[in-house]
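The values are calculated or read from the model by the stated rules, or taken from the named source; none is laboratory data. It should be emphasised that the depicted structure is a prediction, and the values quoted were computed from it without experimental measurement. Every residue, glycine as well, gets a Cβ built from its backbone with ideal geometry; the counts of neighbours run over all protein chains shown. SASA here: full protein model, heavy atoms, side chains in, ligands and nucleic acids out. Shrake-Rupley method; radii C 1.70, N 1.55, O 1.52, S 1.80 Å.
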Amino acid sequence: MTAQNVAAAPPEQRQAEVAIVGAGPVGLMLAILLGRHGISVAIYDKWPEVYDRPRAVTMDAEVARILATLDIDVDLDPAFENHRELYYWKNAALEDLQIVDWESLAPCGWHVTYWFNQPQLEARLIEMAEALPNIHLARGWTATELEKDDTGVSLTLRDTATGQMSQTVTAQYLVGADGANSFVREALGLETIDKGYFFDWLILDMIPEPGFTVSPAQWQLCDPKRPTTIVPGGPGRRRWEFMVLQGESNAEISEPEAAWRLLEPWGLTPNNAELERSAVYRFQARWTKAWVAGRCMIAGDAAHLMPPFAGEGMCAGLRDAVALAWRLRGMLDGTLGPQVLQSYESERIAHAKHYIQFSQDLGDIICIADPQKAEARDARMKADLAARDFEPITGDLVKLGPGLWCAETPDAGALSPQGRVRFEGREDRFDQAVGQGWMLLGLDAPLGDLLTPDQSEAWERLGGRAFRIGSDAGPADVTALDDTYAEWRADGVAYVLIRPDFYVAATASTAGEMRGCLDRLLNDLLPAKI
């Protein structure tokens, strides 16, 4: 039988409520958050095998809080580490230029910074996704065609290895979490804003022999001769990042011989360490102007790229996943109207742009290769540090862009603080003791007549829960075990409305103020009345 006599196999047909292109951390997180609520998900990745080399190595407190909802406690899990140390920026003479607090607890209840190995995290997420029967995870399939209308989306994929076999998935919604070279973004014709920020850095991921230490554990060498980053890479690993200087060849500097020459001053040799990865990365700053096109959305690197100096690239993508998950769940079960996707775009674009600019600002300081400019920078930063008596700085509180929150109320649009509480006999962080979702909290304030009958009905449709938080001394549904909620109350806040993504939707000092905010939010959340 000749090849001409063999009929091509008909394309496989699959249906899902949500299709996801890209099975990295962002796509997997979204799939799991949807799958755990019974939503059928088809998720595809073009690479046949999982990439087993390190990439992202750091996460912030908000991501630790997100992972905790998947029962991954990064304070106890051996795959993660937190050095509970300060982060130093030093000049060529090893004088302190900046000190950042990376040892404290963030207001949301987790430490400011954690270190991890991305392949290990991805393996955990893959295991979770594969354990859910309503998630179809397929690797080695490249998306080639995308069609959409007002009722759904059709995605065609071909076998990456052969380009021959094809399959089609139809879904109510589609999310492109397919990286910087996103097929979904290009297929939708979404425009990208590029800030023209380009720096090449050599990334060296190392596995030193046990007992190897670096002090400080995490620091930045702002030496114009070779700006360098020295940080952990997860338990048992270290990372060095060296800026590629003008005139150097990316190909040559990424060769193992060049890597070992750069590492020699740091005490690493082939005799006491393994070079796990050597690669030159181009640090960029860009974002896509629109993240939603009908029933299609983009997230993660498909929507934004930022230099790694703030360690927020993957963190921003996981925030995208969480923000999309509760919206998609609500739209699919009829609780929320399709207009909530507009707020995904407006809230997350502004938030990501903040970190893009912040990362670029840090890079502008770090990547100075001119000795005179570096000398001026050093003098300025040393003076600023001395003026505040060498007190470490803390991270800023970043608010979402305009969206589903009452901007005129204090703390709205920001990540909610989280204290330790006692609830039904369990003592833990609020999220773990009480749960996650739409939460209406009375801070030592009564909840009995807070909502109108119409609001109570809508609140029940949202799956909302209400709790009075107080101390052992007074009536309370939830007992506070620290000062987190008392400090909020001391600032005049009596009522707090928290969203499923942990962001504050509204605060109020009186019941009337909260009812007014809730009316507006419900109008923006619920499906339009016919």
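Over all orientations, segment 172-316 has a Cα convex hull whose mean projected area works out to 10.6 square nanometres. Name all residues of segment 98-120 having a backbone nitrogen under 19 Å from the label point set 7 Å from the Cα of Val398 along its Cα→Cβ direction, giving them as ranges. Zone members listed by number: 100-116.
Tell me the net charge near Pro210. Cut-off is 13 Å between Cβ atoms, Pro210 excluded, with +1 for each Lys or Arg and -1 for each Asp or Glu. Computed value for this residue: 0. For segment 334-348, backbone phi angles converted through the Karplus equation (6.51, -1.76, 1.60; θ = phi - 60°) give residue-by-residue couplings of x, 6, 10, x, x, 5, 5, 5, 4, 6, 4, 5, 5, 6, 6 Hz, Gly and Pro being listed as x.
Percent antiparallel among DSSP beta bridges with both residues in the chain, to the nearest 5? Could you put the intermediate results ahead of the total?
Details: 69 of 102 bridges.
So the antiparallel bridges amount to about 70 percent of the total.
Looking at the chain, the pairs of alpha carbons with a distance over 31 Å make up 51% of the total. Full extension of the chain between Ala131 and Lys382 yields a length gain of 85.1 nm, computed as 0.36 nm times the residue separation minus the alpha carbon distance.
Mind listing which GluC sites (Glu not before Pro) in segment 179-269 are in a DSSP loop and have 10 or fewer other Cβ atoms within 10 Å? Intermediate results must be reported in sequence, preceding the final value.
Numbers: sites: Glu186, Glu191, Glu241, Glu248, Glu252, Glu257; in loops: Glu191, Glu248.
Answer in residue order: Glu191.
Under 5 Å from the amide H of Asp200 lie the amide H atoms of Val244, Phe283, each residue being 5 or more positions distant or on a separate chain, with H modelled from the backbone and absent for Pro and chain starts. Label-to-label distance for Asn272 and Asp472 is 5.2 nm, based on points extended 7 Å past Cα in the beta-carbon direction.
In order along segment 209-214, phi translates into HN-Hα couplings of 4, x, x, 5, 10, 10 Hz, rounded to whole numbers, per the Karplus curve 6.51 cos²θ - 1.76 cosθ + 1.60 with θ = phi - 60° and x for Gly and Pro. Averaged per residue, segment 100-258 has 43 square angstrom of accessible surface, using a 1.4 angstrom probe with ligands and nucleic acids left out. Once the Cα-Cα distance is subtracted from the 0.36 nm per residue extended length, the Glu487 to Thr162 segment shows a gain of 110.9 nm. Placing a label point 7 Å from the Cα of Asp73 along the Cα-to-Cβ direction, the residues of segment 423-461 with a backbone N closer than 16 Å are 423, 425-435.
For labels at Gln342 and Ala180 in the simple 7 Å Cα→Cβ model, what's the distance in nm? Between Gln342 and Ala180, the simple spin-label model gives 3.4 nm. Under 15 Å from a label point set 7 Å out along the Cα-to-Cβ vector of Glu191, the amide N atoms of segment 282-318 belong to 287-292. At a probe radius of 1.4 angstrom, the accessible area of segment 374-517 per residue rounds to 46 square angstrom. Could you work out how far the C-alpha centroid of segment 195-251 sits from that of segment 441-498, in angstrom? Comparing the Cα centres of segment 195-251 and segment 441-498, I get a distance of 47 Å.
Over all directions, how big on average is the projection of the convex hull of the alpha-carbon atoms in segment 294-375, in square nanometres?
On the way: hull surface 23.5 nm².
Averaging across all directions leaves 5.9 nm² for the Cα convex hull.
Evaluated over the chain, the count of Lys pairs having alpha-carbon atoms less than 18 Å apart is 9 (only pairs 8 or more residues apart or interchain). Taking the protein heavy atoms of segment 253-395 in the context of the full set of protein chains, the accessible area attributed to carbon and sulfur is 50 percent at 1.4 Å. Between Ala350 and Arg139, the modelled labels are 4.0 nm apart [label points 7 Å from Cα along Cα→Cβ].
In the complete set of protein chains, residue-level accessible area for Thr213 is approximately 110 Å², probe 1.4 angstrom. Return the whole-Å distance between the Cα centroid of segment 143-166 and the Cα centroid of segment 375-402. With segment 143-166 and segment 375-402 each reduced to a Cα centre, they are spaced 49 Å.
Using θ = phi - 60° in the Karplus curve 6.51 cos²θ - 1.76 cosθ + 1.60, the 3J(HN,Hα) couplings for segment 29-37 round to 4, 4, 4, 5, 4, 6, x, 5, 9 Hz; x is entered for Gly and Pro.
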